[in-house]
Amino acid sequence: MSNIFSGGSHDLDLSNGATAVFTDVLTLAVSDLASEDWDFRFAALLTLQDQNVMGRGAVGFDLAEVDWGGTERERARAKDFVLRATALAASGHRWNELDYYPPRVRDYLQRFTTMVESFTPPADSSAARDFPGPDEAAMASCVRHRVLSALPLWDGCFLCVRPD
């Protein structure tokens with residue numbers, strides 16, 4: 001099974017293992033950059049990509065289903081946040097904290113960057129039914145790993161609950 005991340009005319013079709021790597025490195029970057037409410041909502045969307053919780057081959061999202069904001073300024077800021085987080089992840093930020101080396105993840109992140117750059121966030125957020133709301137934002141941070149997570153709803157961050 002594969003997991004599909006899409007936006008506009010682009011798709012990022014990843015295997016289960018590739019999805020875990022992609023979301024792991026992106027979550028590490030998002031955790032360090034998040035400062036606004038929207039950022040924490042995007043972090044919550046990333047926690048929903050955890051296949052150990054949601055099921056293998058059952059994750060992914062469409063950029064059109066993200067609530068990018070009600071104004072042009074909010075949409076531009078949200079898009080910029082995703083691009084900054086993706087660039088930070090591609091730089092190898094905190095990869096030393098993973099128990100593996102992700103050799104192909106830069107390609108996934110570059111393809112995701114291309115997808116986000118070419119995507120125009122819609123002014124109407126009615127399609128954003130699966131994007132976490134403000135009350136579902138990933139505001140909790142694992143003290144041990146400094147990773148935003150769905151605590152206290154889940155047992156820990158993705159590093160805490162990683163299967164051996």
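The values are calculated or read from the model by the stated rules, or taken from the named source; none is laboratory data. The structure displayed is predicted, hence computed values, not measured ones. Don't worry about glycine lacking a Cβ; one is built from the backbone with ideal geometry, like all the others, and counts go over all protein chains shown. Calculation scope for accessible area: heavy atoms of the full protein, side chains included, ligands and nucleic acids excluded. Shrake-Rupley method; radii C 1.70, N 1.55, O 1.52, S 1.80 Å.
Quick grid of which residues meet (1) under 13 Å from Val25 (Cα atoms); (2) touching a residue at least 12 places away in the same chain (Cβ under 8 Å):
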site	(1), (2)
Leu63	no, yes
Asp67	no, yes
Phe81	no, yes
Gly92	yes, no
Leu98	yes, yes
Pro102	yes, yes
Leu109	yes, yes
Ser118	no, yes
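When Leu46, Leu14, Leu26 are checked against the criterion of being modelled with pLDDT of 85 or more, under 18 Å from Arg111 (Cβ atoms) and not in a helix (DSSP H, G or I), Leu14 stands alone in meeting it. Within the option set Ala150, Ala128, Ala137, being more than 18 Å from Ala34 (Cα to Cα) and modelled with pLDDT under 90 holds for one residue only, Ala128.
Scanning the range 25-36 for residues that are in contact with an Asp or Glu (Cβ under 9 Å, 6 or more places away or on another chain) and either under 19 Å from Ala128 (Cβ atoms) or open to solvent by less than 10 Å² (accessible area, probe 1.4 Å) (or both) yields Leu28, Val30.
Filtering the range 91-127 to residues that are open to solvent by 20 Å² or more (accessible area, probe 1.4 Å) and under 13 Å from the mean Cα position of the chain (by Cα) leaves Tyr108, Thr113.
Determine whether Ala123 is touching an Asp or Glu at 6+ places or on another chain (Cβ under 6 Å), at pLDDT 65 or above and of a type in the set (A, V, I, L, M). Considered against the rule, which asks whether it is touching an Asp or Glu at 6+ places or on another chain (Cβ under 6 Å), at pLDDT 65 or above and of a type in the set (A, V, I, L, M), Ala123 comes out as no.
When the range 75-90 is filtered for residues that are more than 15 Å from Tyr108 (Cα to Cα), open to solvent by 50 Å² or more (accessible area, probe 1.4 Å) and small (Gly, Ala, Ser), only Ala76 remains. Among the residues examined, Glu72 qualifies as surrounded by fewer than 16 Cβ atoms within 10 Å (Cβ to Cβ) and at pLDDT 90 or above. I want to confirm something. Restricting to the range 1-11 and keeping residues that are assigned to a strand (DSSP E or B) and of a type in the set (A, V, I, L, M, F, W, C), which single residue is surrounded by the fewest Cβ atoms within 10 Å (Cβ to Cβ)? Taking the candidates together, the pick is Ile4.
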